[in-house]
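Engineer: Before we start, here is the structure in question, set down as structure tokens.
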Amino acid sequence: MQFKRSDFPEGFTFGAATSAYQIEGHAHGGAGQTHWDTFAATPGNVVRQEHGALACDHYNRYEEDFDLMQAAGFDAYRFSTSWARVMPDGKTPNPEGLDFYDRLVDAMLERGLAPYATLYHWELPSDLADMGGWRSPDLAKWFGDYTACIMGRIGDRMATVAPINEPWCVGWLSHFMGHHAPGLRDIRATARAMHHVLLAHGTAIETMRGLGVKNLGGVFNFEWAQPVDDTPEAMAATERYDGYYNRFFLDGVFKGSYPKSVLEGLEPYLPTGWQDDFKTIQAPLDWVGLNYYTRKIIAPNTDAWPSLEEVEGPLPKTQMGWEVYPDGLYKFLKRTASEYTGDLPLFVTENGMANPDVIQDGAVNDQERIEFVDVHLAKVKQAISEGVPVNGYFLWSLLDNYEWALGYEKRFGLIHMDFDTLKRTPKASYYALQKALEK
Ligand code: IFM
């Protein structure tokens, strides 16, 4: 790595991130069925119909994983709690699940890793999916009850908490594009899910404030949208993409409104009285997290709204086919601070790349990842030097894991996972980070 810890301000947090369903092994510990289990069991949705039943078996091997994090010199661990593990039917507490997260948090603290929790990273209990899932106006209340249950147990030991990882994926990717569970492609379902995900976010923040849980934030994912050319049509299409991907969520939380370019398409399908929900959606935050991976080049087309398509870009790509575009991270940090959050601390809560990593002679030489982290951290540094209050950076991900509809073949980890033997092998990027993070 080109950077050193001392290049960043005192107290800057370096961490790694994961999520429950992607690593834990969902079959363990009395967790309930989720919409991801049934989505994955339906042919055509997930590569080789792979699922999270065993994943990295982190449920049983978390001590080994945290030892590796500690040895790397990380300050913090960003993890998620699984709603279906804590409440298998979405409503009834599971003592085994609560005990697990209690142990997990203590194991982090014993190793000096600050717990950065997320309450929902996509595994909705099937019983709630049956009742409409994110389309249901009751979802926010159910989520508030789950928030109270899990935070009642571990909320006293959290460094930070965010309710929902990547609201765009919960709303648009899962209900408009159909790429993630529940796999819908329906504009009314999309409008409702996009709105209810923010209502659930605000409800959880209010619930946690009431419980006295400290340091509450929101984690949003962003893709820089670039017009294919400078025609007014391409510019307008790009504004729509930027609207429903990036601005919808920050506008909702920080401005109490939705972008005009998105209302053009979604307003007829939003739930009655949606404007009244901004009181809750705008619950004040202590920080904002940005997940950033790539940009998209956008062209207009003649389909129904949003009337656009993505065009392949010329930059080098990761194993996901995503262009490597570090400038996008810089632009989002600047834009978020200047247009939405002001002095509020920002974190890069996810950044990283998938790479077709293989073990050779017992080692994984992922130079591409080392380079990727370097060029993105250089942009974080630039933003900080221009006054943006960025307080930390989290790598996605600690371990190779279940990459949702793409199964286990997209490797994002600093640590290689043999999914047959569950052997963990730190990659060259892990050792490079270890060196850079030395105190
Ligand atoms: O694996 C995902 C994660 O669950 C959410 N953010 C993006 C990652 C890479 O696609």
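The values are calculated or read from the model by the stated rules, or taken from the named source; none is laboratory data. Note that the coordinates shown come from a computational prediction; the quantities given were computed from them, not determined experimentally. A quick note on method: Cβ atoms are made from the backbone with ideal geometry, for glycine too, and the neighbour counts reach across all protein chains shown.
Engineer: In the range 323-372, how many are among the β-branched types (Val, Ile, Thr), crowded, with 16+ Cβ neighbours inside 10 Å and within 28 Å of Asp420 (Cβ to Cβ)?
Structural biologist: Result for the range 323-372: 2.
Engineer: Checking Phe220 against (1) surrounded by fewer than 21 Cβ atoms within 10 Å (Cβ to Cβ); (2) under 24 Å from Thr349 (Cα atoms), which test does it fail?
Structural biologist: For Phe220, the exception is condition (1).
Engineer: If you go through the range 311-322 one residue at a time, do you hit one that is surrounded by 22 or more Cβ atoms within 10 Å (Cβ to Cβ) and outside any strand (DSSP E or B)?
Structural biologist: No, that holds for no residue.
Engineer: Continuing with this model, one more query. Sort out which residues of the range 216-250 are touching a residue at least 24 places away in the same chain (Cβ under 8 Å) and among the small types (Gly, Ala, Ser), and write them in order of number.
Structural biologist: Passing the criteria: Gly217, Gly218, Ala225, Ala234, Ala236, Ala237.
Engineer: Also: Name the residue, out of Asn351, Asn391, Asn401, Asn365, that is more than 14 Å from the ligand (Cβ to nearest atom) and touching a helix residue (DSSP H, G or I) at 6+ places or on another chain (Cβ under 6 Å).
Structural biologist: Only one candidate passes the filter, namely Asn365.
Engineer: I've got another one for you. Which condition number in (1) within 15 Å of the ligand (Cβ to nearest atom); (2) farther than 30 Å from Phe254 by Cα is the one that Trp322 fails?
Structural biologist: Unmet condition: (2).
Engineer: Which of the residues belonging to the range 157-194 are crowded, with 20+ Cβ neighbours inside 10 Å and more than 18 Å from the chain's Cα centre (by Cα)?
Structural biologist: Phe176, Ala189, Thr190, Ala191, Arg192
Engineer: When you look at Gly313, is it in contact with a strand residue (DSSP E or B) (Cβ under 7 Å, 6 or more places away or on another chain) and of a type in the set (Gly, Ala, Ser), yes or no?
Structural biologist: Yes.
Engineer: Still on this model: Contact list please: Cβ distance under 9 Å, first residue in the range 354-380 and more than 28 Å from Val390 (Cβ to Cβ) and touching a residue at least 60 places away in the same chain (Cβ under 8 Å), second residue hydrophobic (A, V, I, L, M, F, W, C) and assigned to a helix (DSSP H, G or I), pairs at least six apart or on different chains.
Structural biologist: What qualifies is Ala363/Ala428; Val364/Ala428; Asn365/Ala428.
Engineer: Within the set of pairs 6 or more residues apart or between chains, which connect a residue that is within 30 Å of Ile359 (Cβ to Cβ) inside the range 382-402 to a residue that is surrounded by 23 or more Cβ atoms within 10 Å (Cβ to Cβ) and basic (Lys, Arg) with Cβ atoms less than 6 Å apart?
Structural biologist: From residues that are within 30 Å of Ile359 (Cβ to Cβ), the pairs are Phe394/Arg78; Asp400/Arg411.
Engineer: I would also like to ask the following. Here's a check for you: in the range 89-116, which residue that is among the aliphatic types (A, V, I, L, M) and assigned to a helix (DSSP H, G or I) is nearest to Glu63 (Cα to Cα)?
Structural biologist: Step one: list which residues in the range 89-116 are among the aliphatic types (A, V, I, L, M), which gives 98, 104-105, 107-109, 113-114.
If we keep only those that are assigned to a helix (DSSP H, G or I) too, we end up with 98, 104-105, 107-109.
On the way: Leu98: 17, Leu104: 8, Val105: 11, Ala107: 7, Met108: 9, Leu109: 11 Å.
Restricting to residues being among the aliphatic types (A, V, I, L, M) and assigned to a helix (DSSP H, G or I), the top hit is Ala107.
Engineer: Moving on to the next point. Determine, yes or no, whether Ala378 is surrounded by fewer than 23 Cβ atoms within 10 Å (Cβ to Cβ), over 21 Å from the mean Cα position of the chain (by Cα) and under 30 Å from Asn215 (Cβ atoms).
Structural biologist: Here the answer is yes, as Ala378 does meet what is asked.
Engineer: In addition: Can you find even one residue in the range 28-45 that is closer than 21 Å to Gly289 by Cβ, among the aromatic types (Phe, Trp, Tyr), in a helix (DSSP H, G or I) and at pLDDT 95 or above?
Structural biologist: No - not one qualifying residue is present in the range 28-45.
Engineer: Still on this structure, please answer the following. Take Thr118 and tell me if it is of a type in the set (Ser, Thr, Tyr), crowded, with 20+ Cβ neighbours inside 10 Å and away from the ligand (no atom under 16 Å from the Cβ).
Structural biologist: No, not satisfied.
Engineer: Only helices (runs of 4 or more DSSP H) wholly contained in the range 246-286 count here; list those with 1 or more residues that are buried (at least 21 other Cβ atoms within 10 Å of the Cβ) and touching a Phe, Trp or Tyr at 6+ places or on another chain (Cβ under 7 Å).
Structural biologist: By residue number, 248-255, 260-266.
Engineer: Based on this model, can you work out whether Phe222 counts as within 21 Å of the chain's Cα centre (by Cα) and not in a helix (DSSP H, G or I)?
Structural biologist: Taking the combined requirement at face value, the residue satisfies it.
Engineer: Next question, about the same structure. I'd like the full set of residues that are closer than 27 Å to Lys331 by Cα, outside any helix (DSSP H, G or I), touching a residue at least 60 places away in the same chain (Cβ under 8 Å) and out of contact with any helix residue (DSSP H, G or I) (no Cβ under 6 Å at 6 or more places or on another chain), limited to the range 411-439.
Structural biologist: Arg411, Phe412
Engineer: So, in the range 146-181, exactly how many residues are assigned to a strand (DSSP E or B), within 12 Å of the ligand (Cβ to nearest atom) and either at pLDDT below 95 or more than 22 Å from Gly407 (Cβ to Cβ) (or both)?
Structural biologist: First pass over the range 146-181, keeping only residues assigned to a strand (DSSP E or B): 160-165.
In the following step, the residues that additionally are within 12 Å of the ligand (Cβ to nearest atom) were identified as 164-165.
Imposing the further condition that a residue be either at pLDDT below 95 or more than 22 Å from Gly407 (Cβ to Cβ) (or both) reduces the set to 164.
Looking only at that region, the number is 1.
Engineer: Of (1) within 22 Å of the chain's Cα centre (by Cα); (2) more than 16 Å from the ligand (Cβ to nearest atom), Glu309 satisfies all except one. Which?
Structural biologist: With respect to (1) within 22 Å of the chain's Cα centre (by Cα); (2) more than 16 Å from the ligand (Cβ to nearest atom), Glu309 is out only on (1).
Engineer: Right, another one. Please tell me if Glu409 is within 18 Å of Trp322 (Cβ to Cβ), of a type in the set (Asp, Glu) and within 16 Å of the ligand (Cβ to nearest atom). Spell out the reasoning first.
Structural biologist: Values: within 18 Å of Trp322 (Cβ to Cβ): yes; of a type in the set (Asp, Glu): yes; within 16 Å of the ligand (Cβ to nearest atom): yes.
Answer is yes for this residue.
Engineer: May I pose another question? In the range 297-340, which residues are more than 25 Å from Asp357 (Cα to Cα) and basic (Lys, Arg)?
Structural biologist: Residues satisfying the conditions are Lys331, Lys334, Arg335.
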